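Novice: Supplied in structure tokens, the structure appears directly below.
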Amino acid sequence: MHAPIVELRAASSSERQICAKLEYINESGTLKERIASKLLQTMNIPAGSIIVVGSSGNFALSVARLAAGRFKVMACLPERRIFVDKVKLLKALGAEIIRTPLSVHPDAPEHPRTMAKTIARATPQAVLIDEYQSEDILSSVFDEILLEIHQANMGQIDAIVVSAREIVNVQLFEKVVSRRYPNVQVIAAISITDTPKQSDSTGFRVHERDAYSTARRLISQEGLLAGISSGLVVAAALKLSQKRILTILDEAASNYASTLLNDDFLLEQNLLDDGMLASMRTNAVEKYRGASVEDLQLPAAVSIMETQSIAEARDIMIQRDFSYMPVISSKRKMVGFVSLGSIEAHLAARDINKSQSVSTVAFRTKREKEFKLITPSTPLVELDSFFVSHPAAFVTDEEGMFPLAVCTKFDLINFLSRRGSMS
């Protein structure tokens, strides 16, 4: 397990160089995989055991991945919305989840680590794994990381910035660093939502807004798919005065698809700084300059009656180069749509024949909560968001009854090209 070191081009300047060690590049997407791997290797856990782990998320994920197919895992996790993707991954790995309250005292019985100890004592064949249980293991992990830094021939380093939560034991890390780099200062980045420990004497407090925004910049400006804690670390580094700074990026963005990578969540939770907000408005709103669907000047929709044959629908779509076509009732009201790709797939599977009515292969529109009404007055910025999860939009009247046009993302691209707004 060797994590590369890269320079952060956008974050660096002529006065200061910031580099990053990409510790999230492993199967779990977290530095904690190093710790979990060494613990499992040294503990010699008997077959049939149940591993119990209390964690804020990343350590449990690493343990569950490494134990998959060998041991059952029970993971105690705090109730936080940002863990939704980790919980899905843990469940996919076969782990049983026990949720605990958020922000409880470390000694409280409801704390994840304390609850894990209680469950392990009460469960036959249970084995407790705790990322804090062995300083020797942690020292070994830190030695590996520093050896890789040394082998990278970085030259002078003034400071190493880590996440206080992800590095597990800041004081121990400082001690290991001082043995190899006595003049290097260790800075522990701490989220303002975390309770600082007395050992975090060199801690640097960072607002969650800065952590999220910096993580998104790492993705968009550096091409690094780094997570929230990685953003926290770089946000702290950007406020330091040292000239040669190494950051440890400890978790991946893939573990936060519903939060860090979700624009709606970031806006709803006020987790974007002014710069990111301005950029998002420019990209999402000013790009279309208030235009609506009617400005696309789409041709009138060509529809097919639900009683017409699949063969007729297929012929029309092939002749007119359509991928989708509205399906209407005898009263000319839209009842659904048909996809050429779906027709071809059904015909290839021989589960339909061309003489059947098109209604047998039509996707029915629903007047339910998830139905999105697209009309000539719909802003293009909304249509753009719609295309994130839909291949085509069917433009109807304001009542959603009659099909007026069919629109795809390609129509938006053409519109922007004509207006010179492509970015």
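The values are calculated or read from the model by the stated rules, or taken from the named source; none is laboratory data. Small disclaimer: the values here were computed from a predicted structure and weren't measured. Here Cβ is always computed from backbone atoms with ideal geometry, including for glycine, and neighbour counts include all displayed protein chains.
Novice: How many residues, within region 58-70, are surrounded by fewer than 24 Cβ atoms within 10 Å (Cβ to Cβ) and either closer than 13 Å to S37 by Cα or touching a residue at least 40 places away in the same chain (Cβ under 8 Å) (or both)?
Specialist: Residues of region 58-70 surrounded by fewer than 24 Cβ atoms within 10 Å (Cβ to Cβ): 65-70.
Filter once more, so that each one left must be either closer than 13 Å to S37 by Cα or touching a residue at least 40 places away in the same chain (Cβ under 8 Å) (or both): 65-68.
Selection size over region 58-70: 4.
Novice: Separate question: Only one of these conditions is not met by N270: (1) in the same structural domain as C19 (by TED's automatic domain parsing); (2) part of a loop (DSSP other than H, G, I, E, B); (3) surrounded by 15 or more Cβ atoms within 10 Å (Cβ to Cβ). Which number is it?
Specialist: Unmet condition: (3).
Novice: With the condition being within 22 Å of S191 (Cα to Cα), I'd like the strands (runs of 3 or more DSSP E) fully within region 43-105 carrying at least 3 qualifying residues. Explain how you work it out, then say what you get.
Specialist: Working: elements: 50-54, 72-78, 96-100.
Counting at least 3 such residues, we get 72-78.
Novice: Within region 276-316, how many residues are in a helix (DSSP H, G or I) and either within 22 Å of I413 (Cα to Cα) or not assigned by TED's automatic domain parsing to the domain that holds V358 (or both)? Show your work before the answer.
Specialist: Going through region 276-316, the residues in a helix (DSSP H, G or I) turn out to be 276-286, 293-296, 310-316.
Among the residues that remain, those that are also either within 22 Å of I413 (Cα to Cα) or not assigned by TED's automatic domain parsing to the domain that holds V358 (or both) are: 276-286, 293-296.
The qualifying residues number 15.
Novice: Let me ask another. Looking at region 158-177, which of the residues that are modelled with pLDDT of 95 or more and not in a helix (DSSP H, G or I) is surrounded by the most Cβ atoms within 10 Å (Cβ to Cβ)?
Specialist: If we take residues in region 158-177 being modelled with pLDDT of 95 or more and not in a helix (DSSP H, G or I), then V162 is surrounded by the most Cβ atoms within 10 Å (Cβ to Cβ).
Novice: Test each condition in (1) among the acidic types (D, E); (2) touching a residue at least 12 places away in the same chain (Cβ under 8 Å); (3) touching a strand residue (DSSP E or B) at 6+ places or on another chain (Cβ under 7 Å) for E144 and report the one that comes out false.
Specialist: Of (1) among the acidic types (D, E); (2) touching a residue at least 12 places away in the same chain (Cβ under 8 Å); (3) touching a strand residue (DSSP E or B) at 6+ places or on another chain (Cβ under 7 Å), only one is false for E144: (3).
Novice: Is one or more of the residues making up region 26-33 touching a residue at least 12 places away in the same chain (Cβ under 8 Å) and surrounded by fewer than 22 Cβ atoms within 10 Å (Cβ to Cβ)? Write out each step before concluding.
Specialist: Pass one, region 26-33, residues touching a residue at least 12 places away in the same chain (Cβ under 8 Å): 26-33.
Add one more test, that the residue is surrounded by fewer than 22 Cβ atoms within 10 Å (Cβ to Cβ), and what stays is 26-27.
Looking for residues that are touching a residue at least 12 places away in the same chain (Cβ under 8 Å) and surrounded by fewer than 22 Cβ atoms within 10 Å (Cβ to Cβ), one finds at least one in region 26-33, hence yes.
Novice: Continuing with this model, one more query. Take region 317-366 and flag every residue that is of a type in the set (S, T, Y) and free of Cβ contacts under 8 Å to residues at least 60 places away in the same chain. First the steps, then the outcome.
Specialist: In the first step, residues of region 317-366 are kept if they are of a type in the set (S, T, Y); the result is 323-324, 329-330, 339, 342, 355, 357, 359-360, 365.
Selection gives S329, S330, S339, S342, S355, S357, S359, T360, T365.
Novice: If you go through region 105-123 one residue at a time, how many are over 24 Å from G48 (Cα atoms) and free of Cβ contacts under 8 Å to residues at least 12 places away in the same chain?
Specialist: So the first thing to find is which residues in region 105-123 are over 24 Å from G48 (Cα atoms), and the list is 105-111.
Checking which are free of Cβ contacts under 8 Å to residues at least 12 places away in the same chain leaves us with 105-110.
Selection size over region 105-123: 6.
Novice: Here is a further query. Within region 239-248, is even one residue out of contact with any Asp or Glu (no Cβ under 6 Å at 6 or more places or on another chain), surrounded by fewer than 18 Cβ atoms within 10 Å (Cβ to Cβ) and over 22 Å from A20 (Cβ atoms)?
Specialist: No.
Novice: Looking at region 107-135 only, could you name the residues that are in a helix (DSSP H, G or I) and under 21 Å from N58 (Cβ atoms)?
Specialist: Of region 107-135, the ones in a helix (DSSP H, G or I) are 112-122, 135.
Once the filter is applied, which keeps residues that are in a helix (DSSP H, G or I) and under 21 Å from N58 (Cβ atoms), region 107-135 yields P112, R113, T114, M115, A116, K117, I119, A120, E135.
Novice: Hey, another quick one. For Q156, work out the one condition from (1) touching a Pro at 6+ places or on another chain (Cβ under 8 Å); (2) in contact (Cβ under 8 Å) with a residue 24 or more places away in the chain; (3) not hydroxyl-bearing (S, T, Y) it doesn't fulfil.
Specialist: Tallying (1) touching a Pro at 6+ places or on another chain (Cβ under 8 Å); (2) in contact (Cβ under 8 Å) with a residue 24 or more places away in the chain; (3) not hydroxyl-bearing (S, T, Y), Q156 fails exactly one: (1).
Novice: State whether one or more residues within region 178-196 are surrounded by fewer than 18 Cβ atoms within 10 Å (Cβ to Cβ), at pLDDT below 95, of a type in the set (A, V, I, L, M) and over 22 Å from Q17 (Cα atoms).
Specialist: The answer is yes, given that some residue of region 178-196 is surrounded by fewer than 18 Cβ atoms within 10 Å (Cβ to Cβ), at pLDDT below 95, of a type in the set (A, V, I, L, M) and over 22 Å from Q17 (Cα atoms).
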